[in-house]
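Asks: Have a look at this one.
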Amino acid sequence: MTTPDYLDIDAIRARVADYEPRARPDGHRSVWAATALVVASGDRGPDVAFIQRPSRSGDRWSGQMALPGGKCDPGDGSAICTARREAREEVGVVLPDPAGRLDDVRGRTHRGIVATYVFGLDERPALRPAPSEVEAAVWIPLTTLLSPAAAFRYPWGGIGRFPAIRHEQYVIWGLTHRILSSFAQALGLELPRPA
């Protein structure tokens with residue numbers, strides 16, 4: 001599936017604003033972490049910002065692709081503030097108010113809820129990865145995320161094969177893939193199912 005021609009940044013903002021997510025109230029004590037799904041106008045349509053976590057021994061998220069985000073800090077005041085702070089710290093992007101929120105997602109290995117906010121930008125800023133937190137940062141076209149050619153099943157840990165998206169050397173799966181499914185749903189679309 002390709003991105004419909006009418007789905008520009010303004011349309012994405014409007015659709016996300018109209019979306020009614022399955023989500024806890026902002027500031028609810030079960031919201032453990034927050035992520036920023038940053039979508040910006042690119043050369044060939046909307047692009048989404050991703051980070052690659054650093055490769056570290058003993059880290060269960062080592063080297064995985066993710067959205068900018070992290071654990072809620074009591075000083076943040078809200079999950080929106082967490083998402084904005086993490087985007088600034090991890091990739092150097094200062095975000096406006098969010099267009100809206102996606103469905104909450106619960107991690108498979110942690111009991112807390114991850115809240116995701118969508119931020120629409122008219123121009124695509126440079127991503128400046130913080131070396132201590134991010135190995136790489138990349139903009140991936142929304143058309144790639146929605147392309148059946150990019151969908152596949154990712155084998156992990158000998159326990160199964162999970163829906164995933166491949167872009168160049170990057171693989172998006174797990175919690176981040178589930179968040180992207182919610183984003184596609186908010187846009188009135190769906191991620192392609194891998195064969």
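Asks: Take the range 162-190 and flag every residue that is in a loop (DSSP other than H, G, I, E, B) and open to solvent by 20 Å² or more (accessible area, probe 1.4 Å).
Replies: Selection gives 168, 169, 188, 189, 190.
Asks: If the requirement is being aromatic (Phe, Trp, Tyr) and out of contact with any helix residue (DSSP H, G or I) (no Cβ under 9 Å at 6 or more places or on another chain), which of these qualifies: 183, 162, 152?
Replies: After applying the criteria, what remains is 152.
Asks: So residue 119 fits all but one of (1) open to solvent by 10 Å² or more (accessible area, probe 1.4 Å); (2) part of a strand (DSSP E or B); what number is the exception?
Replies: (1)
Asks: Any idea how many residues of the range 122-151 are over 27 Å from residue 19 (Cβ atoms) and in a strand (DSSP E or B)?
Replies: 1
Asks: Next question, about the same structure. Residue 103 - would you say it is within 15 Å of the chain's Cα centre (by Cα), over 17 Å from residue 139 (Cβ atoms), assigned to a loop (DSSP other than H, G, I, E, B) and modelled with pLDDT of 90 or more?
Replies: yes
Asks: Here's a follow-up. Restricting the first residue to the range 143-159 and requiring it to be more than 23 Å from residue 49 (Cβ to Cβ), which pairs with a second residue that is open to solvent by 80 Å² or more (accessible area, probe 1.4 Å) and polar (S, T, N, Q) meet a Cβ separation below 9 Å and a spacing of at least six or different chains?
Replies: none
Asks: Can you tell me which condition residue 157 does not meet? The list is (1) of a type in the set (Gly, Ala, Ser); (2) surrounded by 18 or more Cβ atoms within 10 Å (Cβ to Cβ); (3) farther than 19 Å from residue 40 by Cβ, and all the others hold.
Replies: (2)
Asks: Right, something else. Considering the range 72-88 alone, what residues qualify as being of a type in the set (D, E, K, R) and within 16 Å of the chain's Cα centre (by Cα)?
Replies: 84, 85, 86, 88
Asks: Here is a check on your reading of the model: is residue 92 modelled with pLDDT under 95 and surrounded by fewer than 22 Cβ atoms within 10 Å (Cβ to Cβ)?
Replies: Criteria not met by residue 92.
The values are calculated or read from the model by the stated rules, or taken from the named source; none is laboratory data. Fair warning: this is a prediction, and the values are worked out from it, not measured in the lab. Quick reminder, even Gly has a Cβ in these numbers, built from the backbone with ideal geometry, and neighbours come from all protein chains shown. Just the protein is used for accessible areas: all its heavy atoms, side chains included, with ligands, DNA and RNA removed. Shrake-Rupley method; radii C 1.70, N 1.55, O 1.52, S 1.80 Å.
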